[in-house]
Amino acid sequence: MCNLYSLTKGQQAIREFARAMSDRTGNLPPFPGIFPDYAAPIVRNQPHGRELAMARWGMPSPVFALKGKKSDPGVTNVRNVKSPHWRRWLGVEHRAVVPFTSFSENEALPDGTHPPVWFAFDETRPLAFFAGIWTNWTSVRKVKEGETNNDIFAFLTTEPNAVVAQIHPKAMPVILTTQEEIDLWMTAPAAEALKLQRPLADDALMIVARGEKKDEGGLAA
């Protein structure tokens, strides 16, 4: 379950790769460590075309998960797209892609610790995108904040490939590597777009770092 990722490539590269027509993010800094409920860049569908914008990481939790709780920090990863809770956000108006350069999964070590292990396509950490969904939602994400209105997002997960499965045998993010895959995710009917909910080839990823809460790699690229 990916709850930490990194984005160290600039917004021009993001806009060009995802064919974003507009940009509402201002001057984006590098994001060597993006955690749940943090604001992060996404590219989403809008009536005027694709837009690069900021959103908080975590879609609304299902009602059953909120019983007895005073806040909802959100769900970061979406697997069961057949659930009515998620189906409402599978239309193209709620589709998004989430730029990243590396992502982490926690490794269970014999001493009881769970340090992050970072995955990328190679040591240069080229830009890629998670297949995501977004919405605008009013809720209490943190008790101290009270009720707030936010653009929020999450990304899909699937079975892990062999590289990720060594560390996290249950899941990996759904990753889009080409403009054609991004176009398919952003424009196709749900039944066709969801065919992208599959693991990457086993040779597509490698471990690029271990044990840090941020991945500083690729900052100079």
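The values are calculated or read from the model by the stated rules, or taken from the named source; none is laboratory data. Note that the structure is a prediction, hence the values are computed from the model and not measured. Ideal geometry is used to build each Cβ from the backbone, glycine not excepted, and the neighbour counts take in all protein chains shown.
For residues that are assigned to a loop (DSSP other than H, G, I, E, B) and of a type in the set (Lys, Arg), scanning just the stretch 1-33, find the one that is nearest to PRO160 (Cα to Cα). Explain how you work it out, then say what you get.
Step one: list which residues in the stretch 1-33 are assigned to a loop (DSSP other than H, G, I, E, B), which gives 1-4, 8-10, 19-21, 24-30.
Add one more test, that the residue is of a type in the set (Lys, Arg), and what stays is 9, 19, 24.
On the way: LYS9: 25, ARG19: 28, ARG24: 33 Å.
Within the stretch 1-33, the match that is nearest to PRO160 (Cα to Cα) is LYS9.
Of all residues in the stretch 111-155, how many are closer than 23 Å to GLU212 by Cβ, assigned to a loop (DSSP other than H, G, I, E, B) and of a type in the set (A, V, I, L, M, F, W, C)?
2
Going by the structure shown, is LEU90 among the aliphatic types (A, V, I, L, M) and at pLDDT below 95?
no
Go through the stretch 136-181 and give me each residue that's β-branched (Val, Ile, Thr), in contact (Cβ under 8 Å) with a residue 24 or more places away in the chain and closer than 18 Å to LEU194 by Cα. Give the derivation first.
Step one: list which residues in the stretch 136-181 are β-branched (Val, Ile, Thr), which gives 138, 140, 143, 148, 152, 157-158, 163-164, 167, 174-175, 177-178.
Remaining after also requiring in contact (Cβ under 8 Å) with a residue 24 or more places away in the chain: 140, 143, 152, 157-158, 163-164, 167, 174-175, 177.
Scanning the stretch 136-181 gives THR157, THR158, VAL174, ILE175, THR177.
Starting from residues that are in a loop (DSSP other than H, G, I, E, B) and in contact (Cβ under 8 Å) with a residue 60 or more places away in the chain, keep the ones in the stretch 100-110 and report whichever is surrounded by the most Cβ atoms within 10 Å (Cβ to Cβ).
THR101
Out of all the residues in the stretch 69-85, is one or more among the small types (Gly, Ala, Ser), out of contact with any helix residue (DSSP H, G or I) (no Cβ under 9 Å at 6 or more places or on another chain), closer than 26 Å to ASP203 by Cβ and free of Cβ contacts under 8 Å to residues at least 60 places away in the same chain?
no
Does any residue in the stretch 194-211 that is more than 17 Å from PHE129 (Cβ to Cβ) come within less than 8 Å, Cβ to Cβ, of a residue that is among the acidic types (Asp, Glu) and buried (at least 17 other Cβ atoms within 10 Å of the Cβ) six or more places away or on a different chain, and which pairs are these?
Pairs found: VAL208/ASP215; ALA209/ASP215.
Just the residues that are touching a residue at least 24 places away in the same chain (Cβ under 8 Å), of a type in the set (S, T, N, Q) and out of contact with any helix residue (DSSP H, G or I) (no Cβ under 7 Å at 6 or more places or on another chain), please, taken from the stretch 9-55.
Once the filter is applied, which keeps residues that are touching a residue at least 24 places away in the same chain (Cβ under 8 Å), of a type in the set (S, T, N, Q) and out of contact with any helix residue (DSSP H, G or I) (no Cβ under 7 Å at 6 or more places or on another chain), the stretch 9-55 yields GLN11, SER22, GLN46.
I'd like to know if the stretch 187-207 contains one or more residues that are among the hydrophobic types (A, V, I, L, M, F, W, C) and within 24 Å of GLN12 (Cβ to Cβ).
No: zero hits.
Scan the stretch 147-181 residue by residue and report those that are at pLDDT 95 or above and of a type in the set (Asp, Glu).
Of everything in the stretch 147-181, those that are at pLDDT 95 or above and of a type in the set (Asp, Glu) turn out to be ASP151, GLU159, GLU180, GLU181.
Among the residues of the stretch 58-99, write down those that are β-branched (Val, Ile, Thr) and in a loop (DSSP other than H, G, I, E, B).
Here is the first cut: in the stretch 58-99, the ones β-branched (Val, Ile, Thr) are 63, 75-76, 78, 81, 92, 97-98.
The answer is THR76, VAL81.
Matching residues to (1) out of contact with any Gly (no Cβ under 8 Å at 6 or more places or on another chain); (2) modelled with pLDDT of 95 or more:
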residue	(1), (2)
ALA55	yes, yes
PRO115	no, no
PHE130	yes, yes
LYS144	yes, no
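When you scan the stretch 156-189, how many residues do you find that are in a loop (DSSP other than H, G, I, E, B) and not hydrophobic (A, V, I, L, M, F, W, C)?
Here the count works out to 10.
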